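Only one structure is covered here, and it is reproduced in the block below.
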Amino acid sequence: MEKLILAEYQGRRDTEGKAVGHAPKVLEEYASLISEDFDISIFAPRPILQATGKTGRLHAKVLPHSILMKSRNSFFTKIWNKIKMFANINIVLKSEADTIWFFNTEYYLMLYLALFGNRKKRIVCTLFMERFGTGLMGKLKQLVFERAQKRMSLIISTGQSFNFKKVPYVFIPDYYCDEAEYAPYRKTVRLKQAVCLGTQGPEKQVEEMVEAFTRIGYPLIIAGRFYDKDRLEKLKAAAGENIEIRDEYLSREEYLSLLGKSSYVVLPYAPSQYGTQTSGVLQEAVFSDTVPVSYSDVLNGNGVNGIGFTDWNDLKAEDNSLCSSTDGVVYLNELRNEYNRLRKEVYSKDAMKEKLCEALKLS
């Protein structure tokens, strides 16, 4: 059986050592899809391994470095974090394996591959974006990104519309839809509220979202960790009485319960980034029949219908429902019929397993 390493080199964690982000969930799902066809080992920092209870039977190697997520890192800390990621990547590439699959990637893996190559390993990378921005810095990053692709054997593309010209690629969504996990949270009766879930980092337009919902008066719950506490206090001061802000990590059950009982989930992502980048929260909205609210470019880029707008000022509330000035009142049942189709045709576990294993064997 062919040896394959599933590698996570970042190890993003909080001050208590708890894993931050979607890496543990993605690791568990990818391992479950390919464990019958490949001899799998996992290389990851300790916080990631500790958060993946379902992969305990697989061989694991602990990578020495992890990244502490907090606001206002010093210049030295930022550089040290990049060095630690490079060191973890180097350890993975020195290992003995037929294939190395980096399943949770960002720019500095691209930089490593562009500068130092792949050590003659067969490299598979999951990519959550098609390109790196515009402007001078964006163009420089894009050149590095394209050079790195030449060192890869296969790209796992999480975006259905992504197009990579320099290497073979296959479309595999971030997550598959496990009916046993998500079906219990598809509520037929929903609370008249919207939620915004996940880490509330600087890349999210939280201020614009709070201003918009304060204006329209529709209930909104923001639940997720804020690393920047000054920002948190300013948001609380600016928020209307219809907005609740929770600075906390949600358990998996709390997260899915809140998502499932809410009518809408708001994705305050900038279209310049997420128009060409996928979102796990958006996919789980489809799995739970919760209607997403975001920029039209973000929804279109991810192939999901919802409440789309071009400006936060377009958002309004009518008849106890959310809509935009361009959409009018959206019929939720029609959207949920579409989500049911997507779950069966795009996010099916069996279809993803077959496609993924075939691509990995051919790469």
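A short reminder: the numbers here are calculations on the coordinates, not readings from a lab. These numbers come from a predicted model, not from an experiment. A quick note on method: Cβ atoms are made from the backbone with ideal geometry, for glycine too, and the neighbour counts reach across all protein chains shown.
Structure shown: which of Lys236/Lys261; Lys192/Lys236; Lys78/Lys349; Lys25/Lys82 lie over 28 Å apart, alpha-carbon to alpha-carbon?
Pairs exceeding 28 Å: Lys78/Lys349.
Which entry in (1) 28, 59, 12, 0; (2) 32, 60, 8, 0; (3) 24, 44, 23, 8, 1 is this structure's computed P(r) over Cα pairs in 20 Å bins from 0, in percent?
(1)
If R0 is 30 Å, what FRET efficiency do you get for Asp14 and Ile83 from their C-beta distance, rounded to 0.05?
Computed FRET efficiency for Asp14 and Ile83: 0.90.
May I ask for the net charge around Tyr182, where only other residues with Cβ less than 10 Å from the Cβ of Tyr182 are counted and Lys, Arg are +1 while Asp, Glu are -1?
That sum, taken over residues with Cβ under 10 Å, equals -3.
Just to be sure I understand the rule: take each whole DSSP H helix in the chain, project its Cα atoms onto its long axis, keep it if the span is 24 Å or more and its mean Kyte-Doolittle hydropathy is at least 0.5. Which ones pass?
What comes out of the filter, once short or polar helices are dropped, is 75-93.
What translational diffusion coefficient, to the nearest whole µm²/s, does the range 48-196 have by Stokes-Einstein, given a Kirkwood radius computed over alpha-carbon pairs, a temperature of 10 °C and 1.306 mPa s viscosity?
87 µm²/s
Would you please put 6-18, 231-243 in order of how densely packed they are, using the mean number of other Cβ atoms within 10 angstrom per residue and starting with the highest?
6-18, 231-243
Within the range 50-110, list the trypsin sites (Lys or Arg not before Pro) lying in a DSSP loop whose Cβ has at most 11 other Cβ atoms in a 10 Å radius.
Answer in residue order: Arg57, Lys70, Arg72, Lys94.
Can you list which of the GluC sites (Glu not before Pro) found in the range 175-209 are DSSP loop residues with at most 14 other C-beta atoms within 10 Å?
Glu203
Which of rounded, prolate or oblate describes the range 179-345 when judged by the alpha-carbon gyration tensor and an a/c cut-off of 1.5?
Since a/c stays below 1.5, the shape of the range 179-345 is classed as rounded.
Counting other C-beta atoms within 10 Å, which of His65, His59 has the fewest, and how do the rest follow?
Ordered by Cβ neighbours within 10 Å, fewest first: His59, His65.
Mind jotting down the three principal axis lengths of the range 95-171 based on Cα atoms? Whole angstrom, largest first.
Projected onto its principal axes, the Cα set of the range 95-171 covers 40, 28, 20 Å.
Tell me, what is the FRET efficiency for Ala183 and Thr326 to the nearest 0.05, using R0 = 25 angstrom and their Cβ-Cβ distance as r?
E(calc), rounded to 0.05, equals 0.15.
I want the local charge near Gly306. Using Cβ-Cβ distances under 12 Å, sum +1 for each Lys or Arg and -1 for each Asp or Glu among the other residues.
Result for the neighbourhood of Gly306: -3.
What residue among Gly21, Gly135, Gly217 shows peak mean-square fluctuation when the chain is described by a Gaussian network model with Cα springs under 10 Å?
Looking only at Gly21, Gly135, Gly217, the biggest GNM fluctuation is shown by Gly135.
When the chain is treated as a GNM, springs tying every alpha-carbon pair under 10 Å, which of Thr188, Thr126, Thr99 comes out with the largest mean-square fluctuation?
Thr188
Using a 10 Å cut-off around each Cβ, can you sort Glu211, Glu29 from fewest to most neighbouring Cβ atoms?
Ordered by Cβ neighbours within 10 Å, fewest first: Glu211, Glu29.
Can you give the relative contact order of the range 1-153 as a percent, counting alpha carbon pairs under 8 Å and 6+ residues apart?
25 percent.
Only counting other Cβ atoms within 10 Å, I'd like Val195, Val92 sorted with the fewest neighbours first.
Val92, Val195
With a 10 Å cut-off between alpha carbons and a GNM built on the chain, which of Tyr331, Tyr176, Tyr112 moves the most?
Tyr331
Under the rule of -39500 (n - 2.57) per DSSP H run of 4 or more residues, summed and divided by the residues of the chain, what mean residue ellipticity at 222 nm is obtained, to the nearest 500 deg cm²/dmol?
Estimated from H runs of four or more residues: -11500 deg cm²/dmol.
Among residues other than Arg46 whose Cβ falls under 14 Å from its Cβ, what is the net charge (Lys/Arg +1, Asp/Glu -1)?
+2
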